[in-house]
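Below you'll find the structure, written out as structure tokens, and then a few comments.
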Amino acid sequence: VGATSGQAGTLTVMAPIRSDQEQRLLAVLDVLNSNDSALGARRVPSEEGSDRTHFARFAVLSALTAQPPTFVPGILGASRLIFTASFDGPLESYVDDLLRSMSASGPSSDGTWVEQIWGCCEGFPAAGNDPRAPADYLLRRRVPTTEFIASYGDSTVREVRTALCLQERIRGFAQLVQGWSDAALRSAFMEEFPA
Amino acid sequence: MNHASPPAQALTVLTPLRPGGAFAVKAAFWVGDRFPSLLNDLRTLSFIHFARWAIVPSEPGLGCRALLLFESDFDGDWNDYIDSFAEVLALRMKAIWGTSYGFPGPRPTDGFRAYIRRNQLVPRVCYAAVPGATTTQVLAALKLRDAHRSLQTAAADPAMDDATFAARWRGFLTEVQFEL
């Protein structure tokens, strides 16, 4: 309990969207989302390989509801891009991993996911300058977590995937060896699950 | 638009805080952190993968003092999820969201559901590392893995005969029958 849970941490980034870029950003996010569906699983392509993200999402905040009457309801100075993730390990290296993998591909030849998504936000550094600048930008726009709860914060993404695969294998093995002799059972077990 | 792949769903809620609300939220969590027994009811909600609260500080153009951000990745039906929060965690929800404008209280749940629905932000993109797995399935798989490790060690033990290993195997299956 607190800002981390076990080895798991959380990241929330909130960045103002350039007014002339919002529609473009929405289109890029939809491409990202439809790509996920096409893959049959919700994988942000850029996160393949980093293997540290449990859950992540992009949202755009364009208006607020439930505003007090003294404020102009629903009006924001600029829409916000919100990115959130639950991930494994230290925050800084996670941001580096995320940006590295999001820079490896993109929705089109026009640019990487980083350029096409974060590049729509005010103040995001242009490519080719300081290599640390994008990570610094995300960390600067980070909203600190007040409270974080994780049901399996001690386990990494890799451990969860491995455990689920093992569960399947054990299930199959248990059905296979029903009625086998003790010696055959042990031999098959050692072959299937070597120590 | 998507929430997340079934069975995990994504919930993002942003509510404007009342004056002093940020301090009150932090105080509520501070108390919760120091008295873990207060969180026992939260742990009974086994359908939550991850949940978090954050205070978005006021900044020019945001239109209010500060915002309370709540995010959760959970299994199952949206209405059931909100109802469970309202029923099981009524006091905590009141302590947390009572700091925001327009919060009607956790009960009756119709009003609470309407409040959350009005303030929720539908994500454009959702990602889940293991989209098909519920929290219960993940926890079961992790528990099974731990039990399986000791069986692997036993299988490799030359001092153990086959009959003893077979008995261990049957005991293992009995032990983990609900995790398979």
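Residues within the reach of a label modelled at B:Q152 (point 7 angstrom out along Cα to beta-carbon, backbone nitrogen below 18 Å), restricted to the range A:145-159, are A:155-159. The residues packed around A:L25, meaning those with a beta-carbon under 14 Å from its beta-carbon, carry a net charge of -2 if Lys and Arg are +1 and Asp and Glu are -1.
Note on the range A:108-126 and the range A:5-19: Cα centroid distance 17 Å, given to the nearest whole angstrom. Percent of Cα-Cα pairs more than 41 Å apart in the protein assembly as shown, please. When all Cα pairs of the protein assembly as shown are counted, 21 percent exceed 41 Å. Dipole magnitude for the range B:98-154: computed about the Cα centre from +1 point charges on Lys and Arg Cβ and -1 point charges on Asp and Glu Cβ, it is near 80 debye.
Exposure proxy ranking for A:F58, A:F173, based on other Cβ atoms within 10 angstrom of each Cβ and starting from the fewest, stands as A:F173, A:F58.
Note on the range B:69-88 and the range B:89-144: Cα centroid distance 3 Å, given to the nearest whole angstrom.
Fewest-first ordering of A:E92, A:E22 by other beta carbons within 10 Å of each residue's beta carbon gives A:E92, A:E22.
Restriction of the trypsin sites (Lys or Arg not before Pro) in the range A:109-195 to DSSP coil positions whose beta-carbon has at most 16 other beta-carbons within 10 angstrom yields A:R132.
About the centre of its Cα atoms, the protein assembly as shown shows a dipole size close to 1100 debye [charges on the beta carbon of Lys, Arg (+1) and Asp, Glu (-1) only; nearest 20 debye]. Mean residue ellipticity at 222 nm, helices only, chain B: -14500 deg cm²/dmol; runs of at least 4 DSSP H residues each add -39,500 (n - 2.57), and the sum is divided by the number of residues. Label B:R118 and B:K26 with points 7 Å out from Cα along Cα→Cβ: what is the distance between them in nm? Spacing of the two 7 Å Cα→Cβ label points: 2.8 nm.
Which FRET efficiency, nearest 0.05, do A:A104 and A:S181 yield, Cβ-Cβ r, R0 41 Å? Could you put the intermediate results ahead of the total?
Details: r = 52 Å, r/R0 = 1.26.
Efficiency, from the Cβ-Cβ distance: 0.20.
Need one number: the % of Cα-Cα pairs in the range B:69-180 sitting beyond the 18 Å mark. Working shown, then result.
On the way: 4081 of 6216 pairs.
The calculated P(r) of the range B:69-180 puts 66 percent of pairs beyond 18 Å.
The slack between A:R171 and A:A27, meaning 0.36 nm per residue of separation minus the straight C-alpha distance, is 47.5 nm.
Quick note: the coordinates plus some simple rules give every number you see, no bench work behind them. Since the model is a prediction, treat every value here as computed from it, not as a measurement. All Cβ positions, glycine included, derive from the backbone under ideal geometry; neighbour counts span all protein chains shown.
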